[in-house]
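Data block below; observations after.
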Amino acid sequence: MLKMRVLSLSALLGALACARNSEILVLDPSLRPQTTPQSIRLIAQEPARPYLVVAIVSTRGAVDRARQRLIKEAARLGGHAVLFDSSSLTRIGGDEGQEPQLTGKIIIYTDSARSN
């Protein structure tokens, strides 16, 4: 019984630690079908096509892992792309424990075609 409680507590703490590394501000709560992570485009300048920002997502940790979490969240929210700007990559924390933070805008295109 005690062993089961310790394992349950470990699982809960692990889940909370992972959740702490991503923060999502949903701007448009409309339900839309999920997209695939492979279809998410990473872009650094605003597209010429009309689009809507549906969420802002910040992730912490190694840049490659943070990028993968952004892509995963974009797909989960039905996004088409992640839009970065000049302040998308920052470092947070004290001098000894600085950690990269990657922030992107999850966008959907509002016209019928999906390519940029």
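All of the numbers you see were taken from the coordinates with simple rules; none came from a lab. Source: prediction; values computed, not measured. Reconstructed Cβ throughout: ideal geometry from the backbone, glycine too, with neighbour counts over all protein chains shown.
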Exercise. Considering amide H positions built from the backbone, and no H for Pro or chain starts, which residues 5 or more places from ARG41, or on another chain, come under 5 Å of its amide H?
Worked result: ALA81, VAL82
For this session: Taking the Cβ of each residue in LEU77, LEU27 as the centre, tally the other Cβ atoms inside 10 Å and list the residues starting with the fewest.
Result: LEU27, LEU77
For this session: Before anything else, pin down the relative contact order of segment 21-109: Cα pairs under 8 Å, at least 6 apart, normalised by residue count, whole percent.
Result: 37
Problem set entry | Surrounding net charge for GLU46, when Lys and Arg each add one and Asp and Glu each subtract one, Cβ distance under 11 Å | +1
